[in-house]
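A.B. asks: Dumping the structure here so I can ask a few things about it.
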Amino acid sequence: MTQLPERLFYEPSKGHGLPHDPFNAIVGPRPIGWISTRGADGSRNLAPYSFFNAFNYTPPIVGFSSTSPKDSVRNARETGEFGWNLTTRTLAEAMNATCAHVPYGVDEFALGGVTPRAGRLIEAPLVAESPVNFECKVTDIIQLHSHTGVMAQGWLVLGEVVAVHLDPAYLRDGVFDTFAADIVLRAGGPSAYAMIRPDSRFDMRRPT
């Protein structure tokens, strides 16, 4: 009988003993939620979240989770809306610049050197340079908790995508070409990112 290799085992609540928490690297690469919002006072905010994904088809729902009640959560709660902006390789440095911890009201569009563009159905600005933007209306804001009911420092913001802006240059026979957009993903560790490239593609058909 083949002996299985020894595995590292740890309970997250008791620590992992490693230089960097492997959780983020294992669950990845993860889509980047480059979230744009406007506060009730009219100030603009733009921030990336690596805890981001799609959760439903009809209606289309996306969500991001913040590990503290940051400005994006505050603004989404105040106004009931947010934008999502696709991060590509050419926008990676701009996205990274908007990670900066700055006081409320500082315009991260200016920090990242990107252009705010007005949405059609929401007041929150969008990143004009991004090839895809979602306009979202908040459906839920949920403070996360442990299985024992202890409240966590994590807030999940879910929103219905009510409008999509899409650069037609990335359509191939009417299908969005994920591999042509040079989409950037978070890959764990303190600095790792990944990019979707054509040479990483493979195809499988779902069983009928």
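A.B. asks: Could we say that A163 is farther than 24 Å from I26 by Cα, exposed (fewer than 13 other Cβ atoms within 10 Å of the Cβ) and of a type in the set (G, A, S) here? Steps first, answer last, please.
C.D. replies: Details: farther than 24 Å from I26 by Cα: yes; exposed (fewer than 13 other Cβ atoms within 10 Å of the Cβ): no; of a type in the set (G, A, S): yes.
No.
A.B. asks: Moving on. Just for the range 42-62: of the residues that are under 9 Å from P31 (Cα atoms) and of a type outside the set (S, T, Y), which one is surrounded by the fewest Cβ atoms within 10 Å (Cβ to Cβ)? Before you say what the answer is, go through the steps one by one.
C.D. replies: Our first condition is that a residue be under 9 Å from P31 (Cα atoms); within the range 42-62, this holds for 49-53.
So of that shortlist, the ones also of a type outside the set (S, T, Y) come out as 51-53.
Details: F51: 18, F52: 19, N53: 12.
That would be N53.
A.B. asks: In the range 80-102, what residues are surrounded by fewer than 19 Cβ atoms within 10 Å (Cβ to Cβ) and under 18 Å from F134 (Cβ atoms)?
C.D. replies: Result: G80, single match.
A.B. asks: From the residues in the range 181-192 that are at pLDDT 90 or above and farther than 19 Å from W84 by Cα, which one is surrounded by the fewest Cβ atoms within 10 Å (Cβ to Cβ)? Spell out how you get there, then give the answer.
C.D. replies: The initial filter retains those residues of the range 181-192 that are at pLDDT 90 or above, namely 181-187, 191-192.
From what is left, the residues that are farther than 19 Å from W84 by Cα are 187, 191-192.
Details: A187: 16, S191: 7, A192: 14.
This residue is S191.
A.B. asks: May I pose another question? Within the range 83-114, work out how many residues are more than 16 Å from the chain's Cα centre (by Cα) and among the aromatic types (F, W, Y).
C.D. replies: Here the count works out to 2.
A.B. asks: Within the group R89, R74, R38, which residue is within 23 Å of Y170 (Cβ to Cβ) and basic (K, R)? It would help to see each step written out before you state the result.
C.D. replies: Numbers: R74 fails: within 23 Å of Y170 (Cβ to Cβ); R38 fails: within 23 Å of Y170 (Cβ to Cβ).
After ruling out the rest, the residue left standing is R89.
A.B. asks: Please go through the range 169-189 and give me each residue that is assigned to a helix (DSSP H, G or I) and within 22 Å of the chain's Cα centre (by Cα), ordered by number.
C.D. replies: Within the range 169-189, just Y170 meets the criteria.
A.B. asks: Identify all residues within the range 93-130 that are out of contact with any Gly (no Cβ under 6 Å at 6 or more places or on another chain) and either part of a strand (DSSP E or B) or aromatic (F, W, Y) (or both); write none if there are none.
C.D. replies: Within the range 93-130, the first condition is being out of contact with any Gly (no Cβ under 6 Å at 6 or more places or on another chain), and the residues that meet it are 93, 95-96, 99-123, 125, 127-130.
Result: Y104, F109, P116, R117, V127.
A.B. asks: When the range 114-139 is examined, which residues are found to be loosely packed, with under 12 Cβ neighbours inside 10 Å and free of Cβ contacts under 8 Å to residues at least 24 places away in the same chain? It would help to see each step written out before you state the result.
C.D. replies: Our first condition is that a residue be loosely packed, with under 12 Cβ neighbours inside 10 Å; within the range 114-139, this holds for 118, 120-121.
Within the range 114-139, A118 is the sole residue that qualifies.
A.B. asks: Moving on to the next point. Could you tell me whether any residue of the range 65-79 is within 23 Å of D182 (Cα to Cα), surrounded by 14 or more Cβ atoms within 10 Å (Cβ to Cβ), among the hydroxyl-bearing types (S, T, Y) and at pLDDT 95 or above?
C.D. replies: The answer is no, given that none of the residues of the range 65-79 is within 23 Å of D182 (Cα to Cα), surrounded by 14 or more Cβ atoms within 10 Å (Cβ to Cβ), among the hydroxyl-bearing types (S, T, Y) and at pLDDT 95 or above.
A.B. asks: Then there's this: Collect the residues in the range 25-53 that are over 24 Å from G83 (Cα atoms) and modelled with pLDDT under 85, keeping them in residue-number order.
C.D. replies: Listed by number, the list holds a single entry, A25.
A.B. asks: With the condition kept exactly as written, say whether any residue in the range 13-22 is at pLDDT below 95, over 16 Å from L185 (Cβ atoms) and of a type in the set (A, V, I, L, M, F, W, C).
C.D. replies: Taking every residue of the range 13-22 in turn, at least one turns out to be at pLDDT below 95, over 16 Å from L185 (Cβ atoms) and of a type in the set (A, V, I, L, M, F, W, C).
A.B. asks: Still on this structure, please answer the following. Name the residues in the range 190-206 that are under 9 Å from F179 (Cα atoms), assigned to a loop (DSSP other than H, G, I, E, B) and over 17 Å from the mean Cα position of the chain (by Cα), would you?
C.D. replies: R197, R201
The values are calculated or read from the model by the stated rules, or taken from the named source; none is laboratory data. These numbers were taken from a predicted model, which means no experiment stands behind them. Every residue, glycine among them, receives a Cβ derived from its backbone with ideal geometry; neighbour counts consider all protein chains shown.
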